[in-house]
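Working notes, beginning with the structure itself.
The values are calculated or read from the model by the stated rules, or taken from the named source; none is laboratory data. Note that the coordinates shown come from a computational prediction; the quantities given were computed from them, not determined experimentally. Here the Cβ is made from the backbone with ideal geometry for all residues, glycine too, and neighbour counts use every protein chain on show. Each accessible area value is taken on the protein alone, full model and side chains, heavy atoms only, with ligands, DNA and RNA left out. Shrake-Rupley method; radii C 1.70, N 1.55, O 1.52, S 1.80 Å.
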Amino acid sequence: MISDVRLLVVEDDPKIASFITNGLRQGGFAVDVCHDGSSALDFAAATPYDAAVVDVMLPRLDGLQLVQRLRTEGNRVPVLFLSAKASVDDRVRGLEAGGDDYLTKPFAFSELLARVQALIRRSTRTTEPSRLTVGDLSLDLLTRQVRRGSDPVELQPREFSLLEYLMRNAGRTVTKTMILEHVWDYSFDPQTNVVDVLVHRLRAKIDPERTRLHTLRGVGYILRAP
């Protein structure tokens, strides 16, 4: 994504707000964040946003009321609702209030990012490449098929998410923290070795020769064409 795509994040939980905001900024978006519905109205009146991520349970003005006000005022910014409520009725209320999509907590950042990108594509009628390639590695975002040369590679969902993130950032170093924020959900305990384990599993499948996925000790990982 490019930095002139500006997003608004409205979330009153500081941990979740930081998780979302940091991940979106690392993905190349310009992001503003506020923590209550009333402030969000002021932000939206002052800045034309390309999309908004809005928690349903907000102080001063809840997310449903916020989006209803925006729609009444003619603001058509695409909105992704976040909520701990997962029932069909709750999702329907969010869509009826003027939301465009609905994601329940806890969530993996990779899913939130995909949904935000889809909202932006629909609203701007732009398209993203459906296939990522780095050297002889190819990843089809639509069919979720991965190939190394002509050989298919079977990946588990988290392995696929990690490879997608590495391929989107090919040639750039990504840290363990960045991987945690993109592949796991915001409630995950970072004091574990799960990233090392996941990278080890992925490397065994896509890079047994150790010529593509490199470890920079104490820094992170980098994917390059061999």
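Do you know which of the residues in region 129-164 that are within 18 Å of the chain's Cα centre (by Cα) and hydroxyl-bearing (S, T, Y) is nearest to K176 (Cα to Cα)?
Per the criteria, the residue is S161.
What helices (runs of 4 or more DSSP H) completely inside region 1-98 contain at least 1 residues that are open to solvent by 50 Å² or more (accessible area, probe 1.4 Å) and among the hydroxyl-bearing types (S, T, Y)?
Details: elements: 14-26, 37-46, 63-72, 88-96.
Ranges flagged: 14-26, 63-72.
I need the full set of residues from region 165-196 which are of a type in the set (A, V, I, L, M) and modelled with pLDDT of 90 or more, in order please.
Once the filter is applied, which keeps residues that are of a type in the set (A, V, I, L, M) and modelled with pLDDT of 90 or more, region 165-196 yields L166, M167, A170.
Those residues that are basic (K, R) and within 19 Å of M57 (Cα to Cα), I need them from region 102-118; list them, please.
Correct list: K105 only.
Within region 194-205, which residues are in contact with an Asp or Glu (Cβ under 9 Å, 6 or more places away or on another chain) and not charged (D, E, K, R)?
Going residue by residue through region 194-205, those that are in contact with an Asp or Glu (Cβ under 9 Å, 6 or more places away or on another chain) are 198, 201-202, 205.
Selection gives L198, L202.
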